[in-house]
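Read the structure below first, then the notes.
Bear in mind these aren't lab numbers, they're just calculated from the coordinates by the rules spelled out. The structure displayed is predicted, hence computed values, not measured ones. A quick note on method: Cβ atoms are made from the backbone with ideal geometry, for glycine too, and the neighbour counts reach across all protein chains shown.
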Amino acid sequence: MFLPAGTGNDKQINHNRLVRSDVIYWLDRSHKDAVENEFFDLIDDFVSYLNRTCYTGITGYEFHYTMYDKGSFYKKHLDQFRNNDSRKYSMIMYLNPEWMKEDGGELCIHHDDHLQNIDPTNRKSVFFRSNEIEHEVLLSNKPRLGLAGWFKVN
């Protein structure tokens, strides 16, 4: 079941729909869902590859589905908690067949000297440093689905 998303973590969770208005569903191997577990197997292989070839030191991860209904957004932020810096890399995978530019919902990356908008086209993935890249999700004009997660170093 999708639940309202918040900002912060268990110790400092905040549900402010003026900042973030999507809903989320956390993936977990304990669900014993074949599709989720197949996804986690792929992520385990990806983590192994990153650790072996890029020396990332990733020790864990967390992922959730995120649904932005029509009129939803997420204001500018970093993917890192104030009281926990274990998230090192962010990854978003889009699940939106037949997405059109007028549908909105772009990921807006805030670079030092410019903005970069990335449309949430089906099967597109974005990977970036959680503590370095400020970003936001622009207003979505129709429902938008993605899979978002973080690779962690404890």
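Some observations on this one:
- Principal-axis tilt of helix 34-54 within the chain, Cα atoms, nearest 10 degrees: 70
- Using the Cβ-Cβ distance between E98 and E38 with R0 set to 22 Å, the FRET efficiency from 1/(1 + (r/R0)^6) comes to roughly 0.35.
- Within the listed set H114, H77, H31, the Gaussian network model of the chain (springs between alpha-carbon atoms below 10 Å) gives the highest mean-square fluctuation for H114.
- Under 5 Å, built H, 5+ apart or other chain: amide partners of R144: Y68, D69
- Gaussian network model of the chain, springs between alpha carbon atoms under 10 Å - residue of P143, P120, P97 with greatest fluctuation: P97
- Mean ellipticity per residue at 222 nm, deg cm²/dmol - from DSSP H runs of n ≥ 4 across the chain, formula -39500 (n - 2.57): -4500 deg cm²/dmol
- Taking F39, F127, F73 in turn, the Gaussian network model of the chain (Cα-Cα springs below 10 Å) assigns the largest fluctuation to F39.
- Fraction of C-alpha pairs exceeding 22 angstrom in the chain: 42 percent, rounded to a whole number.
- Given +1 at the Cβ of Lys and Arg, -1 at the Cβ of Asp and Glu and no other charges, the dipole of the chain around its Cα centre is 320 debye to the nearest 20.
- The slack between L115 and F128, meaning 0.36 nm per residue of separation minus the straight C-alpha distance, is 3.2 nm.
- Protection-proxy order for peptides 61-70, 43-52, each taking the mean of Cβ atoms within 10 Å per residue, highest first: 61-70, 43-52
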